[in-house]
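Comments concern the structure below.
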Amino acid sequence: MSFWPREENVIVLDFGSYSVKFGKAFEMELPQQIHSKVGRRRRFKGDDDQPPNENAMEEDGGQGDASADSGMEILVGEELTDALKVDGKEKRPIVTPIISRGRVKDWEALTVLLRHIIFDLLEVDPNRNDHPVIASVPVYWGIESMQRLTQILFEDCAVPGFFLVEQPLAAVYAMGFVSGVVVDIGHDVTSVCAVLDNEPQVQSLVTLPIGGAQVDAALLKLLQSDPPFCLMLGREPDLDIASRVKEVAALEVPIEGLKLAGTIKEVEIDGVKLPIPQIRHHATEALFPVSDESHFVSHPDLAGAIVRCLNSCEPDKRPSLAESVIICGGSSKFDGLRTRLDVLLKSYFPASETLGDYQPRELRYLRLPEYMPLFEKAPHALHFVGAALTGRAVYISPPQDRCWISKYEYSEMGPAVVTKKTTGMST
């Protein structure tokens with residue numbers, strides 16, 4: 001029996017280190033998010049209240065010994081949040097990331113997370129799943145990871161159709177273009193990749209170990225070094241407090257010669273409103289690490305990564321790519337980021353008037369089309385938007401042009417079918 005999807009049933013999944021974003025392609029609303037982390041706690045036969053054995057879990061990498069108990073409880077989403085509120089540290093689950101630096105570290109937990117998203121949060125009937133999926137994944141995922149995701153969606157989530165798009169291409173599509181340079185500043189990794197005529201240029205990919213997590217860590221040190229804030233808080237700030245401060249503090253990127261905003265922001269912690277010190281803005285320096293006598297940085301800065309990406313492309317393509325730069329990702333929302341990049345790029349781009357035709361002179365940043373005002377201040381959702389637009393086009397294409405993977409094709413070829421039908425493929 002043939003299956004042809006309805007546009008309103010298409011599900012979009014966008015994978016990130018901080019969260020997995022999801023929603024319906026047809027609705028074109030801001031996506032829902034669920035943290036990319038998992039909690040595990042051991043259940044023992046005849047003793048449901050027995051606390052988890054942390055030492056045993058650490059010895060076997062968090063997986064536990066199945067022979068010693070009646071199974072491992074895997075918690076995600078609200079269940080995990082509620083479990084972490086239980087009194088008594090010994091009864092709380094051990095939390096680990098499902099995705100780290102953009103790569104899946106725990107496929108078992110990802111399976112549980114995806115089933116929770118599709119069947120619980122999106123309320124799809126598991127016995128009659130007629131909701132095809134389009135997934136937005138990092139460009140540096142290898143073939144094995146893409147095949148593993150394909151297997152989970154068809155075998156564990158029973159999807160009737162699947163299509164995969166790489167995130168740089170999704171970001172370019174969201175802007176209404178087919179070429180550009182995508183600077184994706186995520187939770188714990190930043191990637192810079194060029195897209196030319198609908199094809200991600202994998203040879204241009206540059207990844208940096210910087211992102212929102214590093215800003216959180218820098219902000220924590222700044223808060224701990226501020227005696228008035230610590231005194232008003234009544235205890236030493238932790239990483240959770242630093243993350244909450246970052247979300248409400250409207251951080252700016254310091255730029256030499258320009259004055260930072262003097263607005264005093266407040267954060268409410270345990271029912272008490274605390275003024276956030278002005279030094280908070282310097283936490284964004286974590287996105288621009290430099291080498292000094294005490295700290296050596298082995299990777300290029302953000303501006304250098306963009307230049308390296310451009311130089312990895314054909315010379316005649318570089319000027320047009322430099323005029324189509326996209327800044328996205330959950331950690332790209334800081335005011336002054338583009339201005340700081342422009343300042344740093346002056347040392348890379350020569351100022352001579354006798355430049356060759358293939359030498360970029362400056363960067364120009366793309367903006368979302370005016371008919372998408374909802375997403376204008378949501379750079380974290382750009383991949384989702386591009387994937388949603390792609391899904392709406394892919395799943396309504398005529399039968400002779402069908403490019404999505406059907407359940408029949410998966411049953412014939414297995415997970416390897418994803419290498420035959422996708423928008424790009426990393427090796």
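The values are calculated or read from the model by the stated rules, or taken from the named source; none is laboratory data. Predicted model only: the values in this text are computed from it and were never measured. Because the Cβ atoms are built from the backbone with ideal geometry, glycine has one as well, and the counts that use them run over all protein chains shown.
All of (1) in a helix (DSSP H, G or I); (2) touching a residue at least 12 places away in the same chain (Cβ under 8 Å); (3) of a type in the set (D, E, K, R); (4) more than 28 Å from Ile210 (Cα to Cα) hold for Asp130 with one exception: (1). Of the residues making up the range 80-99, just one is polar (S, T, N, Q) and either exposed (fewer than 12 other Cβ atoms within 10 Å of the Cβ) or at pLDDT 90 or above (or both), namely Thr96.
Candidates are the residues of the range 109-144 that are buried (at least 18 other Cβ atoms within 10 Å of the Cβ) and small (Gly, Ala, Ser); the one that is nearest to Ser204 (Cα to Cα) is Ser136. When Ile326, Ile306 are checked against the criterion of being assigned to a helix (DSSP H, G or I), over 23 Å from Val248 (Cβ atoms) and at pLDDT 90 or above, a single residue qualifies: Ile306. Considered as a group, the residues in the range 397-427 that are under 25 Å from the mean Cα position of the chain (by Cα) and part of a loop (DSSP other than H, G, I, E, B) include one that is modelled with the lowest pLDDT, and that residue is Thr427.
Condition check: more than 30 Å from Leu310 (Cβ to Cβ), among the small types (Gly, Ala, Ser) and not in a loop (DSSP other than H, G, I, E, B). Does Ala242 satisfy that? For Ala242, the condition - more than 30 Å from Leu310 (Cβ to Cβ), among the small types (Gly, Ala, Ser) and not in a loop (DSSP other than H, G, I, E, B) - is met. A single entry from Lys265, Lys259, Lys273 fulfils the requirement of being modelled with pLDDT under 85 and surrounded by 15 or more Cβ atoms within 10 Å (Cβ to Cβ): Lys265. Can you tell me which condition Ile118 does not meet? The list is (1) within 16 Å of the chain's Cα centre (by Cα); (2) assigned to a helix (DSSP H, G or I), and all the others hold. The one condition Ile118 does not meet is (1). Within the range 159-167, can one find any residue that is buried (at least 20 other Cβ atoms within 10 Å of the Cβ) and either within 13 Å of the chain's Cα centre (by Cα) or acidic (Asp, Glu) (or both)? Yes - at least one qualifying residue is present in the range 159-167.
Evaluation of Pro52 against the conditions (1) at pLDDT 80 or above; (2) farther than 20 Å from Pro160 by Cα; (3) surrounded by 20 or more Cβ atoms within 10 Å (Cβ to Cβ) shows that the sole unmet condition is (1). Find the residue count for the range 210-239, including only residues that are out of contact with any Asp or Glu (no Cβ under 7 Å at 6 or more places or on another chain) and assigned to a loop (DSSP other than H, G, I, E, B). Total satisfying the criteria: 8. Considering Asp188, Asp197, Asp226, Asp240, the condition of being surrounded by fewer than 21 Cβ atoms within 10 Å (Cβ to Cβ), free of Cβ contacts under 8 Å to residues at least 60 places away in the same chain, within 30 Å of Gly142 (Cα to Cα) and not aliphatic (A, V, I, L, M) is satisfied by Asp197 alone.
Checking each residue in the range 151-161 for being outside any loop (DSSP other than H, G, I, E, B) and at pLDDT 95 or above picks out Gln151, Ile152, Leu153, Phe154, Glu155, Asp156.
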